[in-house]
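Right, one structure below, let's go through it.
The values are calculated or read from the model by the stated rules, or taken from the named source; none is laboratory data. This one's a predicted model, so the numbers in the text were calculated from it and none came from an experiment. Cβ atoms come from the backbone with ideal geometry, glycine included; neighbour counts cover every protein chain shown.
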Amino acid sequence: MQNIPADHKAGFVAVAGKPNVGKSTLVNAMLGQKVAAVSPRPQTTRKRQMGILTLENAQVIFIDTPGLHRARHKLGEAMNQEAAATLEECDLALFIVDANQPPDEEDAQLASLLSQHRTPVLVVLNKIDLLEPSELEPRQEAYAALAPQAEVRSVSSTRGDNLPALLETILARLPANPPYFPESQVTDLYEREIAADLIREAALRILRDEVPHGIAIRIDQYTEREDHGAYIEATIFVEKESHKGIVIGQGGSMLKQLGTAARLEIEAMSSRKVYLRLRVKVRKDWRDDEKVLRWFGYSNKG
Ligand code: GDP
Ligand code: MG
């Protein structure tokens, strides 16, 4: 890269918060494109992923961590460890909360975890578009009480309120550094990993509560067919034989529906035609199996 200004800033910004508060939506809004999968259901983002915003004088690398939550099984533990490791590496942490909910036990735990690290924290109340304006100030105070050292900001990631001001605040906290990544790069994920997340997101959306969290996606093939776009083969892993039937549906109707939804998302993400072939397999107890977690890239242990 040429002509890097002497005052160029660059740094890593951890995006922490409970599932569903709008972390992925906020990062996407900052980047102006869809990098992280967004879902009305919690925990679509299973792996740590970066969103890289390159400006003339600065580069902000957002690290969207899977939501911290109490570990109910091994998958939860692996995600919490990764979140803690991420915080250590970052120059700033955004603690994203839902402005429409008062702080609860989980927010308090997360705030205390954040305060154990040297990384400065900015509390961001999101979804203020849904809040009565008169409720904002008491809500800000309630969250500020959890993190007395932190500054508090309020935004709407979907409507865009206060996002430019938030970006200014973030930039002011970044150290002087040359850019870490080339300007054309917006994420550290390979397109196939984004595609896997989009398939998972579509499946969770369409299946609703029928197969709760019990699915994982593996991309088996991802090939370019020049003018014809991309050919993708993927396997949807479920935990139970009965779930397999639900995912496939009557005469394959469910699988077809979610395949179409996922394909449209991947086409929008990659701006080209996609041919997507899905199959479904049973893999029992994959969430408690360390080896399987590694295989899907959820664990950072060895
Ligand atoms: P994450 O789990 O924290 O990454 O949350 P997501 O980004 O996946 O968002 C969860 C849900 O909240 C999605 O349905 C989003 O569309 C919605 N959402 C996110 N930000 C806002 C916001 O500022 N306002 C409103 N009304 N909805 C939002
Ligand atoms: Mg997310």
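State whether one or more residues within the range 156-173 are at pLDDT 90 or above and within 16 Å of ligand 2 (Cβ to nearest atom).
yes
When you go through Glu191, Glu168 one by one, which is the residue that is of a type in the set (Asp, Glu) and either exposed (fewer than 15 other Cβ atoms within 10 Å of the Cβ) or free of Cβ contacts under 8 Å to residues at least 24 places away in the same chain (or both)?
Glu168
Kindly indicate whether any position in the range 69-87 is within 12 Å of ligand 1 (Cβ to nearest atom), closer than 18 Å to Gly17 by Cβ and at pLDDT 95 or above.
Looking through the range 69-87, none of the residues is within 12 Å of ligand 1 (Cβ to nearest atom), closer than 18 Å to Gly17 by Cβ and at pLDDT 95 or above.
Do we have Asp7 as among the charged types (D, E, K, R) and either within 16 Å of ligand 2 (Cβ to nearest atom) or at pLDDT below 80 (or both) here?
It is false that Asp7 is among the charged types (D, E, K, R) and either within 16 Å of ligand 2 (Cβ to nearest atom) or at pLDDT below 80 (or both).
Residue check, Pro102 against (1) surrounded by 20 or more Cβ atoms within 10 Å (Cβ to Cβ); (2) modelled with pLDDT of 90 or more; (3) closer than 19 Å to Lys127 by Cβ, all met but one. Which one?
(1)
Under 6 Å between Cβ atoms, which residue pairs at least 6 apart in sequence (or on different chains) link something in the range 21-32 that is assigned by TED's automatic domain parsing to the domain that holds Asn126 with a partner that is aromatic (Phe, Trp, Tyr) and more than 9 Å from ligand 2 (Cβ to nearest atom)?
Between residues of the range 21-32 that are assigned by TED's automatic domain parsing to the domain that holds Asn126 and residues that are aromatic (Phe, Trp, Tyr) and more than 9 Å from ligand 2 (Cβ to nearest atom), the close pairs are Val27/Phe62.
Could you list, in sequence order, all residues of the range 236-259 that are more than 16 Å from Arg208 (Cα to Cα) and either loosely packed, with under 13 Cβ neighbours inside 10 Å or over 27 Å from the mean Cα position of the chain (by Cα) (or both)?
Passing the criteria: Glu241, Gln250, Gly251, Gly252.
Within the range 30-50, can you find the residues that are more than 8 Å from ligand 1 (Cβ to nearest atom) and either polar (S, T, N, Q) or modelled with pLDDT of 65 or more (or both)?
Listed by number, the residues that qualify are Met30, Leu31, Gly32, Gln33, Gln49, Met50.
Conditions (1) over 18 Å from the mean Cα position of the chain (by Cα); (2) closer than 22 Å to Thr25 by Cα; (3) surrounded by fewer than 20 Cβ atoms within 10 Å (Cβ to Cβ), marked per residue:
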position	(1), (2), (3)
Gln109	yes, no, yes
Ser115	yes, no, yes
Glu137	yes, no, yes
Tyr143	yes, yes, no
Pro148	yes, no, yes
Asn162	yes, yes, yes
Pro178	yes, no, yes
Leu198	no, yes, no
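Of all the residues that make up the range 139-159, how many are within 15 Å of ligand 1 (Cβ to nearest atom), free of Cβ contacts under 8 Å to residues at least 40 places away in the same chain and out of contact with any strand residue (DSSP E or B) (no Cβ under 8 Å at 6 or more places or on another chain)?
1
Answer yes or no: is there a residue in the range 111-123 that is within 15 Å of ligand 1 (Cβ to nearest atom) and at pLDDT below 90.
Checked against the condition, which is being within 15 Å of ligand 1 (Cβ to nearest atom) and at pLDDT below 90, the range 111-123 yields no hits at all.
So which residues in the range 1-21 are in contact with a strand residue (DSSP E or B) (Cβ under 6 Å, 6 or more places away or on another chain) and within 16 Å of ligand 1 (Cβ to nearest atom), if there are any at all?
Val13, Ala14, Val15, Ala16, Gly17, Val21
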